[in-house]
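S.K.: Before I ask anything, here is the structure I am working with.
The values are calculated or read from the model by the stated rules, or taken from the named source; none is laboratory data. Bear in mind the structure is a predicted one, so any value in this text is a computation, not a measurement. We place every Cβ from the backbone using ideal geometry, glycine too, and count neighbours over all the protein chains shown.
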Amino acid sequence: METESRLRELLVLGLGGDSAAYHGFLKALGAHLRAYFRKRLFQRPDEVEDLVQETLLAVHNQRHTYRSDQPLTAWVHAIARYKLVDMLRARASREALTDPLDDELEVFAQSDTDAADAKRDLGKLLDTLPDKQRLPIVHVKVEGLSVVEASKLTGMSESAIKIGVHRGMKALAARIRGMV
């Protein structure tokens, strides 16, 4: 509370034309902002002073928007938070732009044949199941039909579709475990 009232008094005097009070306000606010940013940027101490200066400049440029009936520190912290978020966004986009693609070439090394191989392997596994398990899995899990749609398509009851999916998935899981 002491900081709030001291800073508010200095700002109000400064806005009234007292340049020494305004200078004192900026100096005291700078110390307050350094502590605020150090807590949040302990891994990036080099960024603290830049943010303090940017925030002080923003406070100076926006001083006409301060309403004396509102808490000063809340107004200042809102500005400081925006400056911090802006810095973090800018840093993240710069880091994303400078990430070397060489490290991620594995993404491009994958080919369409992997998908075809997986589809063929899934087909072989599904062929090992009886129709009452295979058909519900194909229609519901592979094709994405609803249980009702699969029931109408196969002539099986909705319960039989649900049971077929459940038992078929258990059987597939057991077969895959047996392969590993």
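S.K.: Select, from Leu29, Leu15, the only residue that is among the aliphatic types (A, V, I, L, M), at pLDDT below 90, in the same structural domain as Gln62 (by TED's automatic domain parsing) and surrounded by 15 or more Cβ atoms within 10 Å (Cβ to Cβ).
M.R.: Values: Leu29 fails: at pLDDT below 90.
Step by step, each of Leu29, Leu15 is checked, and only Leu15 is among the aliphatic types (A, V, I, L, M), at pLDDT below 90, in the same structural domain as Gln62 (by TED's automatic domain parsing) and surrounded by 15 or more Cβ atoms within 10 Å (Cβ to Cβ).
S.K.: Hey, another quick one. Name the residue that is farthest from Asp131 (Cα to Cα), counting only residues in the range 158-167 that are surrounded by 12 or more Cβ atoms within 10 Å (Cβ to Cβ) and more than 37 Å from the chain's Cα centre (by Cα).
M.R.: Here is the first cut: in the range 158-167, the ones surrounded by 12 or more Cβ atoms within 10 Å (Cβ to Cβ) are 158, 160-167.
Restricting the remaining residues to those that are more than 37 Å from the chain's Cα centre (by Cα) gives 158, 160-161, 163-164, 167.
Working: Glu158: 15, Ala160: 12, Ile161: 11, Ile163: 12, Gly164: 9, Arg167: 12 Å.
That would be Glu158.
S.K.: A further question follows. For the range 32-42: of the residues being among the hydrophobic types (A, V, I, L, M, F, W, C) and buried (at least 18 other Cβ atoms within 10 Å of the Cβ), which is nearest to the chain's Cα centre (by Cα)? So that I can check it myself, show each step before the final result.
M.R.: So in the range 32-42, the residues among the hydrophobic types (A, V, I, L, M, F, W, C) come out as 33, 35, 37, 41-42.
Okay, now just the ones that are also buried (at least 18 other Cβ atoms within 10 Å of the Cβ), so 33, 37.
Numbers: Leu33: 26, Phe37: 22 Å.
It comes out as Phe37.
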